[in-house]
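A short worksheet on the structure shown next.
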Amino acid sequence: MKSSEEMMNSLLERRNEYERLRRDQRRKMIRIAAPALALCLVLLTGVIVWRSSSGRSSGETADGSGGTSLLQPPESNVVKITGEKISEEEAAAYLKENYTSIVSALTASGVQTEGLRFSEKGYSHILYEGGGKALELHQDFRDYLAYSGDKLVAILTLTKENGRISSTPAFGGEWFGSYSEFLKKHAGERLLFLYYGIAEVVLLPDGSAVNPIGYSVSQYFEWVKDPYEWFDQDGAEAAVYVP
């Protein structure tokens, strides 16, 4: 069982993870563009203003996860499974054993934890890094939703290495409310989860694609008529969640 100090460290690391990814992506884009800045500063200024107002360009999206490579389709819809599998039984046992520490750490961070409960089932993600690369599913990473009453207060990511499970919660997201409402609206539906670049994407049976935070991601899937059907292949079941 993790100590409260270890849990607090995990909380802080996960809370900053998404922002670190966004900063890394911005730095990468700046390094690529730097040689051209001196030659096209005036033009670039105009482009920046336009991007700021539109939120996206042909190779960049508002969430910072974009780039032309993400508009290039994966090489195939074959999903490569990696990592140690986390079964629902293992997850339930871990969450029960570590319940007190999890609640203590979340409470210390200002998270509402009264009657805290976790979703009975979790979900992994199909990963697409862009550039036409292959699809992967890291089954040693699995998300579980944490509720206080009907309110979604945290998302707990379980990881497994050398047979040992640990966890890292995410909390405090302003989008948790809208994400919770989205899940309620689609209760009973078989949702498919992806990481497309650094953007999280939920594919719906009707063929639409949404981002839990609210960014537009539909442009990534213009190459396929029904992304849900295309990605829903052998090995994808671990990335499915039914609210």
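Rounded to the nearest 10 Å², what accessible area does E89 have for a 1.4 Å probe in the complete protein model?
For E89, solvent-accessible area is about 130 Å².
Residues of the stretch 117-243: accessible area per residue at 1.4 Å, in Å²?
Per residue, the stretch 117-243 has an accessible area of 43 Å².
Tabulate in residue order the Karplus-calculated ³J(HN,Hα) for the stretch 194-201, using 6.51 cos²θ - 1.76 cosθ + 1.60 with θ = phi - 60°, rounded to whole Hz; enter x for Gly and Pro.
With the stated coefficients, the stretch 194-201 comes to 10, 10, 9, x, 9, 8, 7, 10 Hz.
Determine how large the accessible area of V103 is when every protein chain is in place; take a 1.4 Å probe and give Å² rounded to the nearest 10.
That residue has around 30 Å² of solvent-accessible surface.
Less than 13 Å Cβ to Cβ from L152, Lys/Arg counted +1 and Asp/Glu -1: what total charge do the surrounding residues give?
Computed value for this residue: -1.
When each pair of different Cα atoms in the stretch 84-243 is counted once in the 1/r mean, what is the Kirkwood radius in angstroms, to one decimal?
Kirkwood hydrodynamic radius for the stretch 84-243: 16.5 Å.
Using Cα centres only, tell me the gap between the stretch 174-189 and the stretch 211-234 in whole Å.
18
What are the ³J(HN,Hα) couplings of the stretch 226-243, residue after residue, when phi is run through the Karplus curve with 6.51, -1.76, 1.60 and θ = phi - 60°? Round to Hz, x for glycine and proline.
For the stretch 226-243, the Karplus curve yields 9, x, 4, 5, 5, 7, 7, 10, 4, x, 7, 4, 5, 9, 9, 9, 10, x Hz.
Using the Karplus curve 6.51 cos²θ - 1.76 cosθ + 1.60 with θ = phi - 60°, work out ³J(HN,Hα) for each residue of the stretch 145-156 in order, rounded to whole Hz, and write x for Gly and Pro.
8, 10, 10, 10, x, 9, 8, 6, 10, 6, 10, 9
Which net charge results for the neighbourhood of A236, defined as the other residues with beta-carbon distances under 12 angstrom from its beta-carbon, given Lys and Arg at +1 and Asp and Glu at -1?
Charge balance in the 12 Å sphere: -3.
How do the peptides 196-206, 223-233 rank, highest first, by the average count of neighbouring beta carbon atoms within 10 Å per residue?
Put in order of decreasing packing, that is 196-206, 223-233.
Of all beta bridges DSSP finds with both residues in the stretch 106-213, what is the antiparallel percent, to the nearest 5?
Antiparallel: roughly 90 percent of the beta bridges in the stretch 106-213.
In vacuum, with every alpha carbon of the stretch 74-175 counted as one equal point scatterer, what does the Debye formula give for log10 I(q)/I(0) at q = 0.10, 0.11, 0.12, 0.25 Å⁻¹? Two decimals, please.
-0.33, -0.39, -0.46, -1.29
Kirkwood hydrodynamic radius, computed over distinct alpha-carbon pairs, for the stretch 155-194: how many Å, to one decimal?
12.4
What does the charge add up to near D226, with Lys and Arg as +1, Asp and Glu as -1, over the other residues with Cβ less than 11 Å from its Cβ?
-2
Within the stretch 99-141, list the GluC sites (Glu not before Pro) lying in a DSSP loop whose Cβ has at most 14 other Cβ atoms in a 10 Å radius.
Here the sparse-neighbourhood loop sites are E114, E120.
On the full set of protein chains, 1.4 Å probe, figure out the accessible area of K133 and give it in Å² to the nearest 10.
Number for this one is 110 Å².
The values are calculated or read from the model by the stated rules, or taken from the named source; none is laboratory data. These numbers come from a predicted model, not from an experiment. Cβ: placed from backbone, ideal geometry, glycine included. Neighbour counts: every protein chain shown. For accessibility, only protein heavy atoms count, side chains too; no ligands or nucleic acids. Shrake-Rupley method; radii C 1.70, N 1.55, O 1.52, S 1.80 Å.
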